[in-house]
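Asks: This structure is in structure tokens; I'll ask about it shortly.
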Amino acid sequence: MSETTATPTGRQFTIRGGGAEAVVTELAAALRIYRRNGIDLAQPFGEHELPPSGSGILLAPWGNRIRDGRWELDGQTQQLDLTEVANGNAIHGLLRNTGYRLDASSESLICLSAEIFPQHGFPFRMTHTVTYALDAEGGLSVTQDLLNHSERKAPAALGAHPYLRLGEVPTEELLVTVQADTVLETDERLIPTGTSPVAGDTDLRAGRRVGDLRIDIGLTGLTLHDDGVHHHRLTAPDGRAVGLWADAGFGYAQVFVTEGYAGQPLAVAIEPMTAPANAFNSGDGLTWLAPHEHLIGRWGIESWL
């Protein structure tokens with residue numbers, strides 16, 4: 001592991017292995033660069049940029065959105081900061097603007113952690129620890145560990161916000177494939193209101209051209225493969241591919257195709273989530289951590305080059 005200092009995302013931690021390189025930022029433990037054999041497999045952003053559109057950030061103790069930033073705990077209303085002002089929601093947890101400390105490192109591995117302290121809307125103390133590792137073939141694995149230090153049960157969920165790409169292949173030409181049977185129906189604020197079978201633009205099982213989609217959808221009913229993980233994929237016209245895998249605990253995936261990623265005509269995020277939007281209110285996928293209990297999830301990026 002090598003290290004440099006940069007602003008505004010703080011220290012830059014670089015790991016290498018198997019012909020691959022990854023750069024992780026101190027701010028939000030964000031994946032700023034991941035490339036294998038010189039080919040970018042995650043959307044990179046500049047050393048002096050904040051993560052565009054949440055690029056590469058990690059999410060805890062919830063991912064996605066909480067409607068109005070409100071939820072109930074033992075009959076008491078909790079009010080979180082509204083961090084998605086346009087829609088009046090609290091979005092993407094409590095660590096997006098937090099610096100992580102370095103716990104351990106080697107040439108091909110880095111372990112970082114950050115604290116969540118009790119605050120209005122979330123009266124619990126937790127530690128979020130993440131380990132990024134490159135294997136001998138250059139595949140990237142990410143392990144997230146959320147520990148409840150409080151003396152009572154606390155709600156918890158994990159997520160991540162990687163944008164995938166395949167080198168210089170235009171993103172619009174890629175096929176996105178997600179083996180999911182169910183889509184979360186949402187209101188105008190992207191808060192789930194129910195579920196339905198996938199259909200049309202929400203049915204990604206056979207692959208859909210990214211350029212034909214403008215979606216921000218939550219999917220579940222994910223196929224769990226024989227290796228015990230979910231596999232989601234972007235495939236180029238020449239057959240090369242990049243994919244995101246996630247363990248069984250990540251039972252939800254958000255697929256976001258946007259024209260709003262700075263400097264890119266089109267970008268696609270495939271976001272692993274252990275619980276969907278508004279889980280603090282619906283309870284769907286939500287884990288209640290006992291005192292000193294951990295919530296652990298693993299995901300990663302794979303490629304066929």
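Asks: Looking for something assigned to a loop (DSSP other than H, G, I, E, B), surrounded by fewer than 17 Cβ atoms within 10 Å (Cβ to Cβ) and touching a residue at least 12 places away in the same chain (Cβ under 8 Å) - is there at least one such residue anywhere in segment 13-32?
Replies: Yes, segment 13-32 contains a residue that is assigned to a loop (DSSP other than H, G, I, E, B), surrounded by fewer than 17 Cβ atoms within 10 Å (Cβ to Cβ) and touching a residue at least 12 places away in the same chain (Cβ under 8 Å).
Asks: Mind checking which residues of segment 57-68 are over 30 Å from Thr131 (Cβ atoms) and assigned to a loop (DSSP other than H, G, I, E, B)?
Replies: Asp68, the sole residue that qualifies.
Asks: Next up: Specify the residue that is farthest from the chain's Cα centre (by Cα); the eligible residues are those in segment 39-56 that are part of a loop (DSSP other than H, G, I, E, B) and within 18 Å of Gly167 (Cα to Cα).
Replies: Gly46
Asks: On to the next question. For segment 106-140, which positions are in contact (Cβ under 8 Å) with a residue 40 or more places away in the chain, touching an Asp or Glu at 6+ places or on another chain (Cβ under 7 Å) and open to solvent by 10 Å² or more (accessible area, probe 1.4 Å)?
Replies: Hit for segment 106-140 is Gly139, nothing else.
Asks: Let me ask something additional. Do we have Asn87 as open to solvent by 20 Å² or more (accessible area, probe 1.4 Å) and either in contact with a Pro (Cβ under 8 Å, 6 or more places away or on another chain) or in contact (Cβ under 8 Å) with a residue 60 or more places away in the chain (or both) here?
Replies: Answer is yes for this residue.
Asks: Being open to solvent by less than 10 Å² (accessible area, probe 1.4 Å) and either in a strand (DSSP E or B) or modelled with pLDDT of 95 or more (or both) is the filter here, so list the residues in segment 249-272 that pass it.
Replies: Phe250, Ala253, Val255, Val257, Leu266, Ala267, Val268, Ala269, Ile270, Glu271, Pro272
Asks: Determine, yes or no, whether Gly69 is surrounded by 15 or more Cβ atoms within 10 Å (Cβ to Cβ) and farther than 20 Å from Gly260 by Cα.
Replies: Here the answer is yes, as Gly69 does meet what is asked.
Asks: Can you tell me which of Leu224, Leu234, Leu184, Leu244 is over 22 Å from Gly167 (Cα atoms), open to solvent by less than 60 Å² (accessible area, probe 1.4 Å) and either of a type in the set (A, V, I, L, M, F, W, C) or at pLDDT 95 or above (or both)?
Replies: Unique residue meeting the criteria: Leu184.
Asks: Now, a different point. Please tell me if Glu151 is farther than 28 Å from Leu289 by Cβ and either touching a residue at least 24 places away in the same chain (Cβ under 8 Å) or surrounded by fewer than 18 Cβ atoms within 10 Å (Cβ to Cβ) (or both).
Replies: Answer is no for this residue.
Asks: Show the residue pairs meeting these rules: Cβ distance below 8 Å; 6+ apart or different chains; first residue within segment 210-226 and more than 15 Å from Met273 (Cα to Cα); second residue among the polar types (S, T, N, Q).
Replies: Val210/Thr171; Gly211/Thr171; Arg214/Thr258; Ile215/Thr202
Asks: In segment 32-47, which residues are among the small types (Gly, Ala, Ser) and on the phi < 0 side of the Ramachandran plot?
Replies: If the condition is that a residue be among the small types (Gly, Ala, Ser) and on the phi < 0 side of the Ramachandran plot, then Ala42, Gly46 are the ones that fit.
Asks: Could you run through segment 44-97 and say how many residues are more than 30 Å from Thr171 (Cβ to Cβ) and touching a helix residue (DSSP H, G or I) at 6+ places or on another chain (Cβ under 7 Å)?
Replies: Qualifying residue count, segment 44-97: 2.
Asks: Here's another thing I want to ask about it. Give the residues of segment 266-300 that are among the aromatic types (Phe, Trp, Tyr) and more than 21 Å from Gln79 (Cβ to Cβ), sorted by residue number.
Replies: Once the filter is applied, which keeps residues that are among the aromatic types (Phe, Trp, Tyr) and more than 21 Å from Gln79 (Cβ to Cβ), segment 266-300 yields only Trp299.
Asks: Pairs please, first residue from segment 169-190 and over 18 Å from Asp284 (Cα atoms), second anywhere and among the hydroxyl-bearing types (Ser, Thr, Tyr) and open to solvent by 50 Å² or more (accessible area, probe 1.4 Å), Cβ atoms under 6 Å, 6+ apart in sequence or on different chains.
Replies: As it stands, the answer is Gln179/Thr223, since those pairs meet every condition given.
Asks: Identify the single condition in (1) part of a loop (DSSP other than H, G, I, E, B); (2) open to solvent by 50 Å² or more (accessible area, probe 1.4 Å); (3) more than 16 Å from Ala180 (Cβ to Cβ) that Asn281 does not satisfy, given that it satisfies every other one.
Replies: With respect to (1) part of a loop (DSSP other than H, G, I, E, B); (2) open to solvent by 50 Å² or more (accessible area, probe 1.4 Å); (3) more than 16 Å from Ala180 (Cβ to Cβ), Asn281 is out only on (1).
The values are calculated or read from the model by the stated rules, or taken from the named source; none is laboratory data. As the structure is a prediction and not an experimental result, all values here were calculated from the model. We place every Cβ from the backbone using ideal geometry, glycine too, and count neighbours over all the protein chains shown. Accessible surface areas use protein heavy atoms only, side chains included; no ligands, DNA or RNA. Shrake-Rupley method; radii C 1.70, N 1.55, O 1.52, S 1.80 Å.
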